[in-house]
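The values are calculated or read from the model by the stated rules, or taken from the named source; none is laboratory data. From a predicted model like this one, the values you see are computed outputs, not experimental measurements. Here the Cβ is made from the backbone with ideal geometry for all residues, glycine too, and neighbour counts use every protein chain on show.
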Amino acid sequence: MLSHTFVQDWLFKDVTPSLIEEIQQYIRRPKRNEYVVLSTNQPDGNLACFALELRSPAHADKHPLFDSRSCKSIFPLSVKRVDASFLVARGNVVNSLFGKQGVIIGCGSVGGFISEDLIRMGVSSLTLIDHDILSSENIHRHCIGWRGIGLPKVEVLKVHFSNAFPNVQINAFSATAFDAIQNQKADFSLVDFVVVATGNPAANCFLTQYFRDKHPGLPVLFSWLDPYGLGGHCLITNLKNSRGCYFCLYGDDVHFGCNRASFAHMNQPKHFSKFISGCNSAFVPYGCLDARQVANLTIRNLEKVLAGKETINAIVSWKGDPEAFEQAGFQVSNRYKQSEMELMDLQHNFADENCPICGNNF
């Protein structure tokens, strides 16, 4: 227990009389229990926080901080900080995502993991856009798991993230990307980045055109997976004064799930979907580790973009094991056969000069 004289001398030795008077005006009423939280600068520039509990007798008529007769006892308390800057610093080194605002379009397995990890990296606001419902067959490759089955994915994610993390604003719109834009559900002029994880080529081409026309220079990252754990991709696009877009990967050759960046060959003997219990159970096989890996790839590259370390549109990929893919009767693409060094060296060389969105003639 601390003495009243010690606390007063320690708290007010460097405080001006005018500031003491201002504090007295603010806390004139006596309280049976008063808590005082303080902070002090440390040599490394961080803040150290601590607190005191001051207890008053029943007959006290003045505030215990300034009157010794109104103070029965003083106890030191430990303080646990929950502000964003402290919590994020505990989990990460300094990063370019802290305090940023973003939009996630597509909140399935990939988009869910991206959203969760962006929040852990300290983004201050996320807007989630997806029209889909959380279904039971996806619980082992979605960050939500079993909770919220049959409900809109974005609403379930909003509740989950709001309960799990205290310092982030979550906005959720259960709508397609087209409807969200048409109905102005998201204000893209206020955000620092957009991540698109729809896995839908038609929707992605629409979004490519929209952001190039309406929000040039706003970083837009497209993320998707190849089937059977063959690999994953992150397209960095819409950067200022840089050519190369999502449509460049397709041109006139739009195939199911395949484009010029794919590790799967465009000409396959059959569709990638598998069936467990009939036609209604069709799904493209990949696992939660694949979704997490492409989420990590996306966030690492988004960090580079926001830190100014990546200023050119690029296609970045990771290669998985082809065994399951080839055993299922499929063929890998020539791009898969490139070495990791070749993929890195060629990541900026994907722009199509005849692209109707970003080509030289348009």
Exercise for review: Could you list all residues from region 34-74 that are among the polar types (S, T, N, Q) and touching a residue at least 60 places away in the same chain (Cβ under 8 Å)?
Suggested key: Ser68, Ser73
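Here's the yes/no breakdown for (1) closer than 15 Å to Ser262 by Cα; (2) of a type in the set (Gly, Ala, Ser):
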residue: Asp321; (1), (2): yes, no
residue: Ala324; (1), (2): no, yes
residue: Phe330; (1), (2): yes, no
residue: Arg335; (1), (2): yes, no
residue: Ser339; (1), (2): yes, yes
residue: Phe350; (1), (2): yes, no
residue: Cys358; (1), (2): no, no
Check your understanding: Looking at region 119-152, which of its residues are over 22 Å from Ser189 (Cβ atoms), part of a loop (DSSP other than H, G, I, E, B) and of a type in the set (A, V, I, L, M)?
Key -> Met121, Leu134, Ile144, Ile149, Leu151
Exercise for review: Look through region 66-84, keep the residues that are part of a loop (DSSP other than H, G, I, E, B), within 17 Å of Ser3 (Cβ to Cβ) and among the charged types (D, E, K, R), and return whichever of them is modelled with the highest pLDDT.
Suggested key: Lys72
Revision key, fill the gap. Note on region 194-212: residues assigned to a strand (DSSP E or B) and touching a helix residue (DSSP H, G or I) at 6+ places or on another chain (Cβ under 6 Å) are Val195, Val196
Check your understanding: Looking at this structure, is Ala172 of a type outside the set (D, E, K, R), over 17 Å from Gln347 (Cα atoms) and outside any strand (DSSP E or B)?
Key -> no
**Study point:** Looking only at region 31-69, and only at residues there that are buried (at least 16 other Cβ atoms within 10 Å of the Cβ) and among the aliphatic types (A, V, I, L, M), the one that is farthest from Phe12 (Cα to Cα)
**Key:** Ala60
Check your understanding: Given Glu155, Glu116, which one is touching a strand residue (DSSP E or B) at 6+ places or on another chain (Cβ under 7 Å), in the same structural domain as Ile170 (by TED's automatic domain parsing) and outside any strand (DSSP E or B)?
Key -> Glu155
Exercise for review: With the condition kept exactly as written, say whether any residue in region 176-196 is crowded, with 16+ Cβ neighbours inside 10 Å, acidic (Asp, Glu) and under 19 Å from Gly108 (Cα atoms).
Suggested key: no
**Study point:** First in region 262-291 and modelled with pLDDT under 70, second anywhere and among the aliphatic types (A, V, I, L, M), Cβ under 6 Å, 6 or more apart
**Key:** Ser273/Ala282; Ser273/Val284; Phe275/Ala282
